[in-house]
Amino acid sequence: MAALARRKDLLDQLAAHEGANVLPFAHDVTDYDSVPLLFQRVTKELGGLDLIIYAAGVMPAVEPLEFRFDIDQQIFEVNVLGAMAWLDQAAIRFGHTQTGTIVAIGSVAGDRGRAGQPAYNASKAALATFMEALRNRLDRKNVNVVTVKPGPVDTPMSAEVGAKKLPVEQAAALILKKAQSPGEHYLLLPHRIIFAVIRNIPSPVFRRLNI
Amino acid sequence: MAVLLPLENIRRLTGFGRASASDGYVFEAFSATDVEEVLKLARETERQVTLRAAARSYGDAATGAECIILDLSQFNRILAFDQAQGIIEVEPGATLEQIWQYALPTGWWLPVVSGTTKTTLGGALAMNIHGKNNFLRGPLGEHVTTLEVLTPAGETWILSPGDELFNAVISSAGLLGIIMRVKLQLKRITSGDIWVEAVSCRHWDDQFQAFKRFEGKREYVVSWIDCFVSGATAGRGILHAARHEEEAPGAESLQLGHQALPTTFFGVFPKSSMWRFLKIFNNRAGMRLVNFAKHQSGKMFEHGKSSRQSLAAYNFLLDYAPGWERAYLPGGLIQCQFFIPRENARDAFEHLVNMQQEAKLESFLAVMKRHRPDNFLFSHAVDGYSLALDFKVTEAGRERLWDLAKRMQDYALGQGGRFYFAKDSTLTAEQAARFLGPDLAKFRELKGKHDPENLLTSDLARRLKIG
């Protein structure tokens with residue numbers, strides 16, 4: 001597999017740990033112009049492509065009544081536009097090879113617009129809708145398009161989140177399992193039930209609740 | 001790598017057996033200029049190139065993961081035909097079908113044909129194909145009078161029989177250069193028909209005796225073997241020996257209408273969906289039954305009888321039920337063909353068939369032929385016989401099948417066996433090196449000279465570490 005991330009030191013650690021199993025590439029997903037060429041370089045070095053997982057995402061903390069366009073923009077650049085830059089390439093390739101799996105890591109946070117994280121919620125909603133559209137485009141081409149919607153996972157991004165978090169290894173294993181069937185998937189059964197309810201709370205009620 | 005390839009050109013490609021696949025960027029060439037442009041693009045994008053046309057090789061010879069796939073199937077004009085001498089000049093993408101359909105009405109036929117008429121001449125020479133008359137006429141390469149080759153080094157060579165590069169480009173699987181033009185000597189015939197005689201064989205000894213009986217007396221000999229039986233009936237099957245009919249000049253049978261294959265079975269069932277029907281039988285029990293029935297009908301109805309058939313109907317059995325290979329989906333099929341010297345062949349074939357029975361992975365279709373050696377670099381032929389075994393690939397059995405193939409190949413190597421890249425899917429690099437011996441060093445020397453950047457490759461070449 002190939003691993004792409006910004007922090008070269010961490011990538012090198014990963015590559016050192018995994019040996020020849022991991023090809024590391026230092027890359028910032030907001031460097032959109034470099035994506036098509038890098039996509040071809042990565043697939044060439046891998047000798048093919050069966051599965052791509054878009055996992056890049058940011059969730060900067062915002063205050064309850066803070067409105068900062070620069071932060072909102074950064075969230076959309078990483079969580080949405082970077083996904084489009086990469087997954088468009090994968091969609092073209094898989095559409096023509098008529099095979100393959102595209103996975104994007106969305107979030108339960110994309111299910112509703114909540115007071116605490118307007119841009120983050122909107123970015124994950126946008127990602128889920130984009131992925132739904134890709135799925136509808138590529139289903140007839142035998143391409144498996146998957147959105148997974150984890151809750152909090154024990155990563156540095158969620159360091160400030162107070163809720164119970166899923167260990168990283170467990171989340172990764174569940175994501176790979178869910179990647180086998182097209183559609184939108186929560187990782188845990190309780191999430192499936194809770195968010196079925198949350199998604200259907202009428203807006204006038206939802207805005208009075210503290211969730 | 002500074003230049004982008006058009007991602008829209010990427011395709012998942014397989015060989016005839018559909019048991020393996022890889023993705024490549026496909027570019028069609030219609031002319032020599034197109035070929036040169038694709039080579040230039042490969043250099044700019046730092047990609048290797050795999051040659052492909054009809055993709056009738058069973059395995060991975062016409063696929064190349066992440067390579068530029070140079071598709072030569074449209075570079076296929078017939079350029080000239082000397083009716084008096086029977087020499088035809090064509091571009092590499094011309095199919096055997098195009099050639100014989102062009103030449104037959106004037107009384108010329110291909111000296112060597114494959115079991116399908118869809119192969120291109122370029123591909124057929126890259127693999128140096130043989131037919132059911134290999135023991136008599138040698139491989140197709142022996143009938144080429146002039147070969148024009150473009151090497152990745154940028155040189156165009158006009159080659160004749162006996163030239164070192166002639167003997168190497170023919171047989172080396174498209175890894176030394178690109179065949180751009182071929183002059184081929186056709187064979188004079190007076191009839192579009194042949195006489196086929198059937199001999200039902202009870203066991204291996206019968207098979208070998210029947211082959212000997214027809215040696216030097218018939219143009220074509222081929223035999224089918226039932227791989228499901230053992231003991232006293234091991235090696236049973238039916239042999240067909242054939243000779244060209246002779247007719248007065250201007251025979252009606254030379255007209256193309258006479259060669260058309262029927263599109264239905266028994267005048268009713270459309271052949272295009274025959275593979276769906278075959279699929280029902282395409283399992284061990286079904287094929288055991290089919291092989292049994294074939295033997296019984298051969299014994300009862302065909303044995304000792306002769307029948308007159310058209311050249312196309314007799315020669316192109318693989319085209320008889322178009323798409324039959326799809327009956328092997330989803331896993332596809334592989335073929336293992338073992339070329340064993342005459343003195344070892346009988347015992348070796350018996351042993352190989354036993355090995356696949358012990359593994360409970362019987363070949364659904366097995367074919368035996370007679371061969372003679374030739375002077376081409378990667379020659380697969382021996383003074384002996386070949387046994388070609390078709391195996392169904394399943395997800396659950398894939399690993400066991402490859403293990404069986406590897407063991408059978410090791411055994412065959414011990415018997416002086418040789419292998420054929422047009423069929424191969426399972427040879428290992430180490431086995432290929434053993435089989436090719438000093439010829440591999442010779443190939444590498446030529447490769448270094450004519451393709452110094454190692455531009456030409458394929459999944460087969462990478463698997464066997466030969467290019």
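The values are calculated or read from the model by the stated rules, or taken from the named source; none is laboratory data. Treat the numbers as computed from the prediction; the structure is a model and nothing was measured. Cβ coordinates were reconstructed from backbone atoms using ideal geometry, including for glycine residues, and neighbour counts include every protein chain displayed. Accessible surface areas use protein heavy atoms only, side chains included; no ligands, DNA or RNA. Shrake-Rupley method; radii C 1.70, N 1.55, O 1.52, S 1.80 Å.
Worth a mention:
- Of the residues examined, B:Phe81 is not one that is surrounded by 24 or more Cβ atoms within 10 Å (Cβ to Cβ) and not in a helix (DSSP H, G or I).
- For segment B:49-66, the count of residues that are more than 16 Å from the chain's Cα centre (by Cα) and without any contact (Cβ under 8 Å) to a residue 24 or more places away in the chain is zero.
- Residue in segment B:64-73 that is in a loop (DSSP other than H, G, I, E, B) and away from chain A (no Cβ under 14 Å) present: yes
- Conditions (1) open to solvent by 70 Å² or more (accessible area, probe 1.4 Å); (2) away from every other protein chain (no Cβ under 13 Å); (3) touching a residue at least 40 places away in the same chain (Cβ under 8 Å); (4) part of a helix (DSSP H, G or I); number of the one not met by A:Glu45: (2)
- Residue match in segment A:83-97 (condition: within 17 Å of the chain's Cα centre (by Cα) and either polar (S, T, N, Q) or in a strand (DSSP E or B) (or both)): yes
- When residues of segment A:141-164 are limited to those that are of a type in the set (D, E, K, R) and over 17 Å from A:Phe195 (Cβ atoms), the one most open to solvent (accessible area, probe 1.4 Å): A:Glu160
- Filter result for B:Leu39 (touching a Pro at 6+ places or on another chain (Cβ under 7 Å), more than 14 Å from chain A (Cβ to nearest Cβ) and not in a loop (DSSP other than H, G, I, E, B)): yes
- Selection within segment B:104-124 - without any contact (Cβ under 8 Å) to a residue 40 or more places away in the chain and in a loop (DSSP other than H, G, I, E, B): B:Val112
- If you go through segment B:401-449 and pick out every residue that is of a type in the set (S, T, N, Q) and either touching a His at 6+ places or on another chain (Cβ under 8 Å) or open to solvent by 30 Å² or more (accessible area, probe 1.4 Å) (or both), you end up with 2.
- A:Ala119 satisfies every condition listed in (1) open to solvent by less than 20 Å² (accessible area, probe 1.4 Å); (2) modelled with pLDDT under 95 except (2).
- Residue match in segment B:266-279 (condition: open to solvent by less than 20 Å² (accessible area, probe 1.4 Å) and either among the polar types (S, T, N, Q) or in a loop (DSSP other than H, G, I, E, B) (or both)): no
- In the condition set (1) touching a residue at least 12 places away in the same chain (Cβ under 8 Å); (2) over 20 Å from A:Ala61 (Cα atoms); (3) in a helix (DSSP H, G or I), A:Lys124 is compliant with all but (2).
- Among the residues of segment B:287-338, the one identified as assigned to a helix (DSSP H, G or I) and either in contact with a His (Cβ under 6 Å, 6 or more places away or on another chain) or among the β-branched types (Val, Ile, Thr) (or both) is B:Val290.
- Test: residue in segment A:60-71 that is buried (at least 20 other Cβ atoms within 10 Å of the Cβ) and either out of contact with any Asp or Glu (no Cβ under 8 Å at 6 or more places or on another chain) or within 14 Å of another protein chain (Cβ to nearest Cβ) (or both): no
- All positions within segment A:122-140 that are open to solvent by less than 40 Å² (accessible area, probe 1.4 Å) and either more than 17 Å from A:Asn79 (Cβ to Cβ) or in contact with a strand residue (DSSP E or B) (Cβ under 6 Å, 6 or more places away or on another chain) (or both): A:Leu127, A:Ala128, A:Met131, A:Leu134, A:Arg135, A:Leu138
- In segment A:101-121, residue farthest from the chain's Cα centre (by Cα) [restricted to those that are outside any helix (DSSP H, G or I), closer than 22 Å to A:Phe69 by Cα and small (Gly, Ala, Ser)]: A:Ala115
- Those residues of segment B:25-36 which are open to solvent by less than 20 Å² (accessible area, probe 1.4 Å) and away from chain A (no Cβ under 14 Å), in sequence order: B:Ala29, B:Val35
- Figure legend. Inter-residue proximity from segment B:125-150: first residues under 14 Å from B:Gly115 (Cα atoms), second residues among the charged types (D, E, K, R) and outside any helix (DSSP H, G or I), beta-carbon distance below 8 Å, spacing 6+ or different chains. Indicated pairs: B:Asn128/B:Asp374; B:His130/B:Lys369; B:Lys132/B:Lys369; B:Asn133/B:Glu219; B:Asn134/B:Lys369; B:Asn134/B:Arg370; B:Asn134/B:Arg372; B:Pro139/B:Asp374.
- Conditions (1) open to solvent by less than 20 Å² (accessible area, probe 1.4 Å); (2) within 14 Å of chain A (Cβ to nearest Cβ); (3) not β-branched (Val, Ile, Thr): number failed by B:Gln48: (1)
- Restricted to segment B:280-307, and to residues there that are among the basic types (Lys, Arg) and within 13 Å of B:His240 (Cβ to Cβ), the residue that is surrounded by the fewest Cβ atoms within 10 Å (Cβ to Cβ) is B:Lys305.
- Within segment B:279-297, residues that are among the β-branched types (Val, Ile, Thr) have Cβ atoms under 7 Å from residues that are open to solvent by less than 70 Å² (accessible area, probe 1.4 Å) in these pairs: B:Ile280/B:Gly286; B:Val290/B:Phe281, counting only partners at least 6 apart in sequence or on another chain.
- Against the conditions (1) surrounded by 13 or more Cβ atoms within 10 Å (Cβ to Cβ); (2) out of contact with any Asp or Glu (no Cβ under 7 Å at 6 or more places or on another chain), B:Gly331 satisfies every one except (2).
- Restricting the first member to segment B:6-18 and to residues that are within 7 Å of chain A (Cβ to nearest Cβ) and in a strand (DSSP E or B), and the second to residues that are polar (S, T, N, Q) and open to solvent by 20 Å² or more (accessible area, probe 1.4 Å), the beta-carbon pairs closer than 7 Å and six or more apart or on different chains are B:Arg12/A:Gln98; B:Arg12/A:Thr99.
- Residue match in segment B:231-252 (condition: acidic (Asp, Glu), at pLDDT 95 or above and under 26 Å from B:Glu350 (Cβ atoms)): no
- Scope segment A:72-95; condition within 14 Å of chain B (Cβ to nearest Cβ), free of Cβ contacts under 8 Å to residues at least 12 places away in the same chain and out of contact with any helix residue (DSSP H, G or I) (no Cβ under 6 Å at 6 or more places or on another chain); matching residues: A:Asp88
- Counting only helices (runs of 4 or more DSSP H) that sit wholly inside segment B:355-467, those with at least 3 residues that are under 15 Å from B:Phe339 (Cβ atoms) are B:398-414, B:429-436.
- Evaluation of B:Ser22 against the conditions (1) in a helix (DSSP H, G or I); (2) among the hydroxyl-bearing types (Ser, Thr, Tyr); (3) within 12 Å of chain A (Cβ to nearest Cβ) shows that the sole unmet condition is (1).
- When segment A:20-42 is filtered for residues that are within 13 Å of another protein chain (Cβ to nearest Cβ), buried (at least 16 other Cβ atoms within 10 Å of the Cβ) and closer than 14 Å to A:Leu81 by Cβ, only A:Val35 remains.
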